[in-house]
Amino acid sequence: MTDPTEKPFDRPDSEIGRAASRPNAEWLVAGRGCYTDDIAFSRLLHAAFVRSPYAHARIDAIETTLGHRLTDQGLVE
Amino acid sequence: MTDEETLTISLTVNAERVTRTVLTRQHLVDFLRIELGLTGSHLGCEHGICGACSVRVDGDVVRGCLMLAAQADGAEVVTIEGLSDTGEIADLQRVFVERNALQCGFCTPGMLITAAELLRDAKPMSRDEIRTFMSGNYCRCTGYQAIIDAIETTLGHRLTDRGLAE
């Protein structure tokens, strides 16, 4: 039963009014965080975006010659 | 590799001798991250503005994204991992944690590398002067106040230790 005279900040285990703990902070300041681009596993593929050089145009074709040339390295067109 | 131009380079990274054959177009920070697995240096803007790629080359802070690995042949490179392991900035790192000068931590290695240079040549600096020194390192999370607090505090401690505090 909640004690009606107990202020919200006094409730046991409440995070309110307390500094949040940062257990990760120590290794982050050591440069040992693992961000998305830091993840490496075998056969990892990379995406390259082909962007239109025109702001407003009809797409007739998308040139993928570069993709063909690098296919032997496992890149998907 | 394709028929692109390569170069064999030999350099010291975090006090270890490293010899690798690199594409001449590979940037230093990509070499450190991909070839050597030193992912502590980050890529933010990839054009020299944000400072997340900052590393120490021959004693100076440089943009890893603007330097080619080939240019580092014969150089001494120190990344955040190496700097952290030497303990040179242990006080700064502790104060960063105490002052919550990091949220996501992505900018933090760059901040620490740059601040380490400020602290190495420690002299009394105003808060504005600290800000100016750190203005090449961007943070999207903290709003910078806690970072400047942490550096100001650490600078004060180091100056006191040397008897130079004002």
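The values are calculated or read from the model by the stated rules, or taken from the named source; none is laboratory data. Note that the coordinates shown come from a computational prediction; the quantities given were computed from them, not determined experimentally. Cβ: placed from backbone, ideal geometry, glycine included. Neighbour counts: every protein chain shown. The area values use the complete protein model at the heavy-atom level, side chains included, leaving out ligands, DNA and RNA. Shrake-Rupley method; radii C 1.70, N 1.55, O 1.52, S 1.80 Å.
Just a few scattered comments:
- Chains B and A together, accessible area buried on both sides, 1.4 angstrom probe, square angstrom: 1400
- Residues along segment A:33-52 losing 20 Å² or more of accessible surface when the other protein chains are present rather than the chain by itself (probe 1.4 Å): A:Tyr35, A:Asp37, A:Asp38
- A 1.4 Å probe run over the protein chains yields, for the protein assembly as shown, 63 Å² of accessible area per residue, whole-number rounding.
- Nitroxide proxy distance, nm - points 7 Å out along Cα→Cβ at A:Ala55 and B:Gln145: 4.0
- For chain B: relative contact order, % (alpha-carbon pairs under 8 angstrom, 6 or more apart): 22
- Remark: relative contact order (segment B:1-89) = 34 percent; criterion is Cα-Cα distance under 8 angstrom and separation of 6 or more residues.
- Projected area, mean over directions - the protein assembly as shown, Cα convex hull, nm²: 22.0
- Environment charge of B:Arg99, counting only residues whose C-beta is closer than 13 Å and scoring Lys/Arg +1, Asp/Glu -1: -2
- Amide H partners (placed H, <5 Å) of B:Thr6, local residues excluded: B:Thr24
- Dimensions in Å of segment B:2-91 - Rg and Dmax from alpha carbons: 12.6, 48
- Spin-label model distance (nm) - A:Arg43 vs B:Ala90, 7 Å beyond Cα toward Cβ: 4.5
- Each other residue within a Cβ distance under 12 Å of B:Ile9 adds +1 if Lys or Arg and -1 if Asp or Glu, for a net charge of 0.
- Per-residue mean of foreign Cβ neighbours for A:18-29 is 5 (Cβ atoms of other chains, 10 Å radius).
- Once you reduce segment B:48-68 and segment B:1-40 to the center of their Cα atoms, the two points are 15 Å from each other.
- Chain B: translational diffusion in µm²/s, Stokes-Einstein, Kirkwood Rh over Cα pairs, 37 °C, 0.692 mPa s: 199
- Pair B:Ser135, B:Arg20: separation of 7 Å Cα→Cβ label points (nm): 3.4
- In segment B:87-103, burial by the other protein chains removes 40 Å² or more of accessible area from B:Val97, B:Leu102, compared with the chain on its own (1.4 Å probe, ligands and nucleic acids ignored).
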